[in-house]
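Have a look at the structure below before the remarks.
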Amino acid sequence: MEKHAVQLRGSTADDSRLRAFFKVLSRQKMLMLMSLPFLAWVIVFKYVPLWGWTIAFQKYKLARDLFDQTWVGLDNFAFLFREEQFYLVLRNTLVMSSVNLVLGFVTAILLALLLNELRRVYFKRTVQTISYLPHFISWVVAANIVQTALAPEGIFNVLLLQLNIIDKPVLWLGVGEYFWGILGATEVWKNVGWNTIIYLAAITTIDPTQYEAAEIDGASRLQRMWHITLPGIKPVIVILLIMNLGHILESGFEPQYLLGNGMNVEYSENLDIFVLKYGIQMNNFGLATAAGMFKTVVSFIFLIVANNLAKRLGESRLY
């Protein structure tokens, strides 16, 4: 009898929650209708193509039906994990992603904090505009600018020679060990202004009376930045960090492809270039799909772990 009563109460509670859900849904029906095109786009372009993952388990041949292929099981994955080049490009991908992540976060947050402290609106807007502009330059143009600046007769070598920092011009893109630093600096130059936008937006949500109270108490600008601004944008920083960790194996393609050459290939080649060279160009589509599948699964694991870690620490999280 008691068991029946408990089941009845549970069923009633479930019905109540279901009615509440549909009540909220009916109140927001216009928002639901507006979301339908985006939902359809996600399904068509993000979930339907997942059928292509079956190629990772096949010896795929062009001009044949997807299910009319030779199935090889996990052979493509076994070959991938036996390939020494795969571990080299995996190292490069992780290092380049980590460098971009750290430099991107630190510089964007620092620039946002500094811009927030500017009181002259005209000067502030000028600095913002100048910092945004490189983001709208294509990587083809940006790579040419970097190559010209780092050439033996480029402005970077000329400046270092004038300052007596180096004795002779250096072929910077010809030394593999320099590539990760060059890529990180290039990413910062190109995207730091764009990355500050969300932090500046988050700063505007902070109650101005907190700054006024801190100023009355004698807090300096640096103290106000440290004790008010940074804690105020902390949830946004954590959310963006979680999302970026979900892309840890996506270090980019265009900058590595355009700035890479035979002299720095051991440091510039990442997973995306590996897929292009050893998969698509050699018609080994099964291997290319296996590498892409590996990248997606690892990124998904990083995202889940980072989100759960934020949850345990009591920070903002995605879900």
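The values are calculated or read from the model by the stated rules, or taken from the named source; none is laboratory data. Computed from a predicted model, the values in this text were never measured in an experiment. Every residue, glycine among them, receives a Cβ derived from its backbone with ideal geometry; neighbour counts consider all protein chains shown. Please note that ligands, DNA and RNA were not included when accessible areas were found on the heavy atoms of the full protein model with its side chains. Shrake-Rupley method; radii C 1.70, N 1.55, O 1.52, S 1.80 Å.
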Checklist outcome for this item: Reported to the nearest 10 Å², residue 224 has, with a 1.4 Å probe, an accessible area equal to 30 Å²
Item to check | Rounded FRET efficiency, nearest 0.05, which uses the C-beta distance separating residue 106 from residue 282 and R0 of 35 Å | outcome: 0.35
Item to check | Compactness relative to 2.2 N^0.38 Å, alpha carbon Rg of region 77-318 | outcome: 1.20
Checklist outcome for this item: In order over region 87-97: 3J(HN,Hα) from phi, Karplus 6.51/-1.76/1.60, θ = phi - 60°, whole Hz, x for each Gly or Pro, gives 6, 5, 6, 5, 4, 4, 5, 5, 5, 5, 5
Item to check | Residue-averaged [θ]222 nm for the chain, counting only DSSP H segments that reach four residues, each worth -39500 (n - 2.57) | outcome: -21000 deg cm²/dmol
Checklist outcome for this item: Heavy-atom accessible area with a 1.4 angstrom probe orders 117, 84, 212, most exposed first, as 84, 212, 117
Checklist entry - For region 237-319, with every protein chain kept in place, what is the accessible area per residue (1.4 Å probe, Å²)? => result 51 Å²
Checklist entry - Using 7 Å Cα-to-Cβ label points, what is the residue 175/residue 226 separation (nm, one decimal)? => result 3.6 nm
Checklist entry - So between residue 72 and residue 206, what do we pick up on full extension, going 0.36 nm a residue minus the alpha carbon distance? => result 42.5 nm
Checklist entry - Hey, rough spin-label estimate for residue 35 and residue 129, points 7 angstrom out along Cα→Cβ, what's it come to in nanometres? => result 3.9 nm
Checklist entry - Roughly how many Å² of residue 215 are accessible to a 1.4 Å probe, to the nearest 10? => result 120 Å²
Checklist outcome for this item: Note on the chain: contact order normalised by length, alpha-carbon pairs under 8 Å, 6 or more apart, percent, works out to 25 percent
Item to check | Residue-span extension gain [residue 42 to residue 138] - 0.36 nm each, minus C-alpha spacing | outcome: 31.9 nm
Checklist outcome for this item: Surpassing 30 Å at the alpha-carbon level, of the pairs 46/277; 168/190; 124/190; 23/295; 29/124; 61/295, are 23/295; 29/124
Checklist entry - Would you list 296, 205 from the most to the least accessible area, probe 1.4 Å? => result 205, 296
Checklist outcome for this item: Each label sits 7 Å from Cα toward the beta-carbon; between residue 309 and residue 166 the label points are separated, in nm, by 3.6 nm
Item to check | Share of carbon and sulfur in the accessible heavy-atom surface of the chain [1.4 Å probe, %] | outcome: 67 percent
Checklist outcome for this item: Residues whose modelled amide H sits under 5 Å from the amide H of residue 58, counting only those 5 or more places away in sequence or on another chain, are 72
Checklist entry - Of the peptides 135-146, 262-273, 41-52, how do they stack up when ordered by the mean number of other Cβ atoms within 10 Å, highest first? => result 262-273, 135-146, 41-52
